[in-house]
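Undergrad: Below is the structure I would like to discuss, written out as structure tokens.
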Amino acid sequence: MSELIDITALRTHLSIKTQRKDASASRWRTLQRESVAAKEAHASCLSALELTASTFVARQREILQRLREGVTSLANIDLAHARIRTMRDEIDSLRLRCDTLKAELDEAIAAEEAARLVMVKREMELQKLESVYEHTAQTLRSIKSRLAAKELTDLCGAYAKQRTPDRKHP
């Protein structure tokens, strides 16, 4: 009877371990989705940073060309000064945008790394749960086979008693 209780307790324990394993696997899938989203955000930030950098370089070349034109023409000096101020403002604006994109990229990289570390931790927890699950399942199988062997022995003993008449010793 106590072995039956032990089997019931083991089954309950195995059920709890299975539920924990399923919950851990669900968390693992969620973390994988978050990691993919972080990687996509990282790629998007890189793309935006490259576009902004190329725009910045092209705009800087254009500004330099305009500056050369403004300096060579004395009649347009006032206009050139206004252009210079506008272009400097544009350069400052582009630098600020580059700094903002760089900060976003750093945040995306940090988020991706954090998600990766959490995924590694969850994977280790999942492996540990799987090991406990396998050990518990093996123990349950061992108990079942011992219980079956005991029942078979009891049946054989009962059968042998039935077949053998009681002999009284003198």
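Undergrad: Enumerate the pairs (first residue in the stretch 9-24 and in contact (Cβ under 8 Å) with a residue 12 or more places away in the chain and hydrophobic (A, V, I, L, M, F, W, C); second residue anywhere and surrounded by 15 or more Cβ atoms within 10 Å (Cβ to Cβ) and assigned to a helix (DSSP H, G or I)) with beta-carbon separation below 6 Å, excluding pairs fewer than 6 apart on the same chain, so at least 6 apart or on different chains.
TA: Close Cβ pairs (under 6 Å, with a partner that is surrounded by 15 or more Cβ atoms within 10 Å (Cβ to Cβ) and assigned to a helix (DSSP H, G or I)) amount to Leu10/Leu140; Leu14/Thr136.
Undergrad: Of the residues Thr52, Thr18, Thr100, Thr8, which is in a helix (DSSP H, G or I), of a type in the set (S, T, N, Q) and modelled with pLDDT of 90 or more?
TA: On inspection, the qualifying residue turns out to be Thr100.
Undergrad: Let me ask another. Every residue in the stretch 98-148 that is over 22 Å from Gln32 (Cβ atoms) and of a type in the set (A, V, I, L, M), please.
TA: Leu101, Ala103, Val132, Ala137, Leu140, Ile143, Leu147, Ala148
Undergrad: Additional query: Can you say whether Ala108 is surrounded by 12 or more Cβ atoms within 10 Å (Cβ to Cβ), touching a Cys at 6+ places or on another chain (Cβ under 8 Å) and touching a residue at least 60 places away in the same chain (Cβ under 8 Å), as far as the supplied structure shows?
TA: Taking the combined requirement at face value, the residue satisfies it.
Undergrad: Here's a follow-up. When both residues are 6+ apart or on different chains and their Cβ atoms are under 6 Å apart, which pairs have a first residue that lies in the stretch 77-89 and is on the phi < 0 side of the Ramachandran plot and in contact (Cβ under 8 Å) with a residue 24 or more places away in the chain, and a second that is surrounded by 12 or more Cβ atoms within 10 Å (Cβ to Cβ) and of a type outside the set (Phe, Trp, Tyr)?
TA: Met87/Ile63
Undergrad: Pull out all pairs, ordered by first then second residue, where Cβ-Cβ is under 7 Å, the residues are six or more apart or on different chains, the first lies in the stretch 156-170 and is among the hydrophobic types (A, V, I, L, M, F, W, C), and the second is assigned to a helix (DSSP H, G or I) and at pLDDT 65 or above.
TA: Short answer, once both residue conditions are applied: none.
The values are calculated or read from the model by the stated rules, or taken from the named source; none is laboratory data. Small disclaimer: the values here were computed from a predicted structure and weren't measured. When we count neighbours, we look across all protein chains shown, and the Cβ atoms used for this are built from the backbone with ideal geometry, even at glycine.
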